[in-house]
Amino acid sequence: MSIVNTIKSHVTAALSALYNHPYTEKDFQINQTKPEFEGDYTIVMFSLVKSLKTSPEVIGDALGGYLVQHHPDLFSDFNIIKGFLNLSIPDTFWSNLLQENYSNAAYGHKEKNGKKVMVEYSSPNTNKPLHLGHLRNNFLGWSVAEIYKASGYDVIKSCIVNDRGIHICKSMIAWQKYANGATPQSTGIKGDHLVGDYYVRFENDLKAESQILINKINLADLTDFSGPALEKLDKLLIALTKLDEIKDEEKIAKLHDEIKELARNNTKVIAEAKQMLLDWEEGKPEVIDLWKKMNGWVYEGFDITYKRIGSDFDKIYYESNTYLLGKSIVQQGLDKNVFFKKEDGSIWIDLTADGLDEKLVQRKDGTSVYITQDIGLALQKYEEFKIDSSIYVIGNEQNYHMKVLQLICKKLGMPNADNILHLSYGMVELTTGKMKSREGTVVDADDLVDEMIATSQRLTEELGKVKDFTEAELRDLYETIGLGAMKFYLLRVDPKKTMVFNPEESIDFHGFTGPFVQYTHARIKSILRKEPIISQNPIDATDLLKLEKDVVVLLEQYPDAIEQACSEHNPSVIAMYVFNLAKTFNSFYVEHSIANAESDEKKQLRLQLAVMTANVLKSGMELMGIKVPERM
RNA sequence: GACUUGGUAGCUCAGCUGGAUAGAGCAUCAGCCUUCUAAGCUGAGGGUCAUUGGUUCGAAUCCAAUCCAGGUCACCA
């Protein structure tokens, strides 16, 4: 149990002994004592003052006295300032903690709890290469999975590959038209990038063709439109003329967007793509062959990227296999009266009672929609792995969709539906605006990785500390540092929040960064190579210096940090913890020598301190998928 | 319009289950390498915690309203 929790339970026990009052741990607060006051942990007594109607001095005196008397091993002294009771923890407590845990590589990790959780992350589309936003997703998913493992869970990392649909057809059509049979081999372009290039090519064609349509619409030429599209266009145009008089610019812009969308959907190229999707669904051999060929290129490209960034999966689902999954569930839902059928044959669920809308689950033509597949897959995951909970790492733009999914699963009475959790993360935006694949304003994942590794190489060469490394060792080190900087950068902020990336400035290698933590680790290792710990005997209790104690106090908090990161699904807790520990150790390091300590006992104690710090830094960084080098 | 998330230093972010003088990093400025790796350390300047009102011993934190920004509200995925 952590010291904070130990203190809490002692305080509750003391309060009920002293005042015969059923207090719980929620009736008072406990904080770390501010550095300007004497003591280590502080009980905030204002709430007690109120309920006991006694002055803080009297309560503090009684409580502090009781604690020191009954637990002298844990509390050495106390003082009261205003409503704050500051408790001092004896140095023996801290040196014992160090003694017992310094060489424990699994420190902070929990015993297996027998529960199984699936983390689904990454989930790429096979029509374009990965970008910075995908990297955030990948690092988050991977890290959360590791944090769950450290918390005692069995974890299955999964990925659903979005390998079918109209967006894939777009790349295929452009390739057919323009590529002249170009392949990754013939062009030397990485497969995912090659396919992505043709996706962009298609989008450009689409843009050009729809612009022509819009120009004609503006000249009141509607000859390209017919049927329902024409009707809708007419309506929009009439609405527009009315609005022009009112001058509501927001609504006018919205109408223009709708017209634009209508024009896009009325282009020949979109018609081709739609036809290709139908052909795909019918299994037309030449379409299937092309689809397999191009997807194969993308997978080859993704494999390279995943390998570089250290993403891996225990189970990969392909949407081409799962997109029909939810069908049988639709019938079950109808039988259970969870779903209902409209006159046109389409099937819906009514979520208005839950504050949401009616949601379509099957089209009138009997084909399933996105959410249907998701329900099917959710059920399959459970049946296949008997998981206790399921975590989806998906961007916050899908908050509504995921809410609906959770609700439907619950209403269908799916097992563990309450344990479906959407780990919703914010977009990565650029200082120059948003990233949009269609417009080519994306930071490409491969480019960024290359850049990070190149920067780490440059900096390492400038410093010239590892000139004796072999070529292979150097390459390894550059990757370790470059990727460390990048992963740390993306994981150090709260996942929920939108974050801003400045493509003009490269990611830093100083301060609150991965390399800073890696460097602290390498420096400790350097000492330990020269000063192996010899003595296995317990160290005589010595007085701890302030800087020594600062480090141990932080080390004690590592298990709490993991616990918090797990319950909040938030690796940034670990990033901040590990940075704090490194920083605190560095302050100690410059002030006090380990090799030339004042006494043998001091030297042993500081060596233990160094060993344990290195262990925890390594362990914490591993939870984020970041390696720590022995030298750098 | 409805729902939802956010607004803290020049920039990027912590702190938000109410507690002592609001913290980091970057950037700026001033120092520290004959002693364990200077990707480091020490210090300085820099804040109307979006605004207004409320709750109370105490509010960046809770509540309400307003302003600003993002997201969602498809028989797309």
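Details
- Selection status of A:S424, touching a helix residue (DSSP H, G or I) at 6+ places or on another chain (Cβ under 9 Å), within 21 Å of A:L140 (Cα to Cα) and away from RNA strand B (no atom under 14 Å from the Cβ): no
- Residues considered: A:K115, A:K128, A:K149. Of these, the only one that is more than 19 Å from A:S390 (Cα to Cα) and charged (D, E, K, R) is A:K128.
- Of residues in segment A:72-87 being assigned to a loop (DSSP other than H, G, I, E, B) and open to solvent by less than 10 Å² (accessible area, probe 1.4 Å), the one farthest from RNA strand B (Cβ to nearest atom): A:F75
- Criterion: within 13 Å of RNA strand B (Cβ to nearest atom) and within 21 Å of A:D312 (Cα to Cα) - qualifying residue of A:N580, A:N570, A:N596: A:N570
- Filter pass, A:Y66 being more than 16 Å from RNA strand B (Cβ to nearest atom), among the aromatic types (F, W, Y) and open to solvent by less than 30 Å² (accessible area, probe 1.4 Å): no
- Residues of segment A:463-506 that are open to solvent by less than 10 Å² (accessible area, probe 1.4 Å), more than 9 Å from RNA strand B (Cβ to nearest atom) and of a type in the set (A, V, I, L, M): A:M486, A:L490, A:L491.
- Taken together, A:R529, A:R523 contain a single residue that is modelled with pLDDT of 90 or more, within 7 Å of RNA strand B (Cβ to nearest atom), open to solvent by 50 Å² or more (accessible area, probe 1.4 Å) and under 22 Å from A:V616 (Cβ atoms), which is A:R523.
- Selected residue (only one of A:Q380, A:Q406, A:Q373 is within 11 Å of RNA strand B (Cβ to nearest atom) and assigned to a helix (DSSP H, G or I)): A:Q373
- Some residue of segment A:28-40 being more than 12 Å from RNA strand B (Cβ to nearest atom) and either touching a Lys or Arg at 6+ places or on another chain (Cβ under 9 Å) or open to solvent by 50 Å² or more (accessible area, probe 1.4 Å) (or both): no
- Residue list for segment A:596-632, restricted to those being more than 27 Å from A:M576 (Cβ to Cβ) and in a loop (DSSP other than H, G, I, E, B): A:N596, A:A597, A:E598, A:S599
- Of all the residues in segment A:402-417, those that are under 14 Å from A:I160 (Cβ atoms) and either outside the structural domain of A:G326 (by TED's automatic domain parsing) or touching a residue at least 24 places away in the same chain (Cβ under 8 Å) (or both) number 1.
- Some residue of segment A:437-446 being at pLDDT 90 or above, out of contact with any strand residue (DSSP E or B) (no Cβ under 6 Å at 6 or more places or on another chain), in a loop (DSSP other than H, G, I, E, B) and charged (D, E, K, R): no
- Filter result for the condition that a residue is at pLDDT 95 or above, in a loop (DSSP other than H, G, I, E, B) and open to solvent by 40 Å² or more (accessible area, probe 1.4 Å), over A:F516, A:F512: A:F512
The values are calculated or read from the model by the stated rules, or taken from the named source; none is laboratory data. Values in this document were obtained by computation on a predicted structure and should not be read as measured data. As a convention, Cβ positions derive from the backbone with ideal geometry for all residues, glycine included, and neighbour counts pool all protein chains shown. These accessible areas exclude ligands, DNA and RNA; they are computed on the full protein's heavy atoms, side chains included. Shrake-Rupley method; radii C 1.70, N 1.55, O 1.52, S 1.80 Å.
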